[in-house]
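Right, one structure below, let's go through it.
Values quoted throughout were computed directly from the atomic coordinates according to the rules given, and no laboratory measurement underlies them. Note that the structure is a prediction, hence the values are computed from the model and not measured. Please note: Cβ atoms are built from the backbone with ideal geometry, for glycine as well, and neighbour counts cover all protein chains shown.
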Amino acid sequence: MQINAERFLTDLHHLRTFGASGIGKGVVRPAYSEPDVAARRWLAQRFEQAGLRVEVDAMGNFFGLAEGPSLLMGSHSDSQPEGGWLDGALGVIAALEVARASREAGGPAVSVVSFQDEEGRFGVTTGSAVWSGHLTLADADQLMDHAGIPLYTARLTMADLVTGSIDPSQFTAFVEMHIEQGPTLEATGNQIGVVTDIVGIRDMKITFEGQQNHAGTTPMHLRRDAFQAVSAFNAEINERFRNVVTPSTVWTIGHVSLHPNASSIVPGKAVFSIQWRDGDVTRLARMEEIIRTVAEEVAAEHGMALSYGPMLGLEPVAMDPRLRVALEQGAEKVASGNWCTLPSGALHDATNVSRMMPVAMLFVPSINGVSHAFEEDTDEADLVAGVQVLAHAVELIG
Ligand code: HGY
Ligand code: MN
Ligand code: MN
C-alpha cells in the first residue's frame, strides 16, 4: 500500500488548528471542550470521506468503522491542559492514513478510533477505560475535574453525536502509533521505537484540612497550615521511597490547590494529586502503603483532617508478540538499523484495549524528549517514516 505523506501531514496540521494555543504548535483541547468536540466533528467527516462508518459511544469515543472484521488503529484527540500537537493526534491521523491507503490498495480492513479523555481530565484514560469495561459509565460519570465539574455534565456537550455502543469483537487487534514523549529514541539516535510494554499507574487526590487563620497574628507553633502538611508529606515520601524505587520509577504531585489561596491567610485546606508509575505491581502497592502511612503520620503531627479521593489505576501490560514482530519487520524495512525496542513510561489507551484484544505500539522520537508542553514536536520525516512502518506492519498482520 502507498502512504500519501502529503495528505497525512495536511490532516495532522489541520487537527492542531482546533484549540491552537498560539504558542508554537501547542494545543489546548481538553476532553469535551469546544475545540475537542469541533475536532471530533471534523474527524467524523474525514472518517466518512475515507469510506468508514462513524459510530460514537456514550463516553464520546469516536470510531470510523470498516465493513466486517477489521484491525483497529488509533489513539486520542483530546489534550492535556497545555498539550502538544502530536500527543494522541498523531496516532489518530496515522491510523486514518493507513485506513485510506489500505482501502485504496485493496488491502486489509482497518478501522480508526479517537478515544475520549485519554489525558484524564476526569481520571486516567477514562474513555477507553469505560469502553473496555475497566470502569462503568455510572462510576465514570461521578468523576470530577479539578474545577469540580462532573463527567456526566461535561459529556452532555456531545450527547447529540452519540450513536450507541461499539462491539469490540469486530476488531482483530489494536495498533497505536504515538510520540515517545521521552528522551530515549533521540538519545540513542533511533528513528523508530517498537514498544515492549507499558508501565502501570496509580493516581489519587489527598486532602489535608487544618485551620484557616491570619498570616500575621498566628504564631508558627499554633498554626495548622495545610500547605506545611503537603510540604512535610512530600519530603517524607521522597525519603521513604529511597529503598523501594528504581531509576525508572516516577511519582508526581502535579496539582495542588490551597484554600483560600491568599497571601495573608494561613491555608486551612490543601487538595493535591499524587501519581506514581512503575512496571512492577508489587512496587506500586508498596508505594501506596508508604503514601497512606505518611499521610496519616503527617495529619497527626500537623493537626490535619485527612481524606482521600478515589484511587484510579492501570496495571503494567506487555505488548502482543505477534504484532510486535510485524512492527519490527516494518521498522527494519523503513529504518534499517535505525530502530530499537523500548518500554513506555507514558500511559496509553492500548493498556485498556489489551483487555479485549492483542495490542502493540510504535513510537517516533520527541525532540528534546519534551511532551505535555506546547513545545512538543517531532521531525516530519520521522512522522512519515512511522506511518510507513505501520503500513508495512498492517500488510503483515493482515
Ligand atoms: O500521562 C500519560 O502518560 C498520558 O500521556 N496521558
Ligand atoms: Mn497520549
Ligand atoms: Mn498525554
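Data table
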quantity: Test: residue in region 70-78 that is more than 16 Å from ligand 3 (Cβ to nearest atom) and either β-branched (V, I, T) or surrounded by fewer than 24 Cβ atoms within 10 Å (Cβ to Cβ) (or both); calculated: yes
quantity: Some residue of region 274-283 being closer than 15 Å to T207 by Cβ and within 16 Å of ligand 3 (Cβ to nearest atom); calculated: no
quantity: Test: residue in region 259-272 that is part of a helix (DSSP H, G or I) and crowded, with 20+ Cβ neighbours inside 10 Å; calculated: no
quantity: Tally of residues being surrounded by 20 or more Cβ atoms within 10 Å (Cβ to Cβ) and either among the β-branched types (V, I, T) or closer than 27 Å to A393 by Cβ (or both) across region 12-36; calculated: 4
quantity: Answer from A58, A95 - the residue that is away from ligand 2 (no atom under 16 Å from the Cβ), of a type in the set (G, A, S) and touching a residue at least 60 places away in the same chain (Cβ under 8 Å); calculated: A58
quantity: Unique match (being among the aliphatic types (A, V, I, L, M) and within 16 Å of ligand 3 (Cβ to nearest atom)) among I166, I198; calculated: I198
quantity: Filtered residues of region 326-351 (kept if more than 16 Å from ligand 1 (Cβ to nearest atom), in contact (Cβ under 8 Å) with a residue 60 or more places away in the chain and touching a strand residue (DSSP E or B) at 6+ places or on another chain (Cβ under 9 Å)); calculated: A326, L327, E328, G330, A331, V334, A335, N338, W339, C340, T341
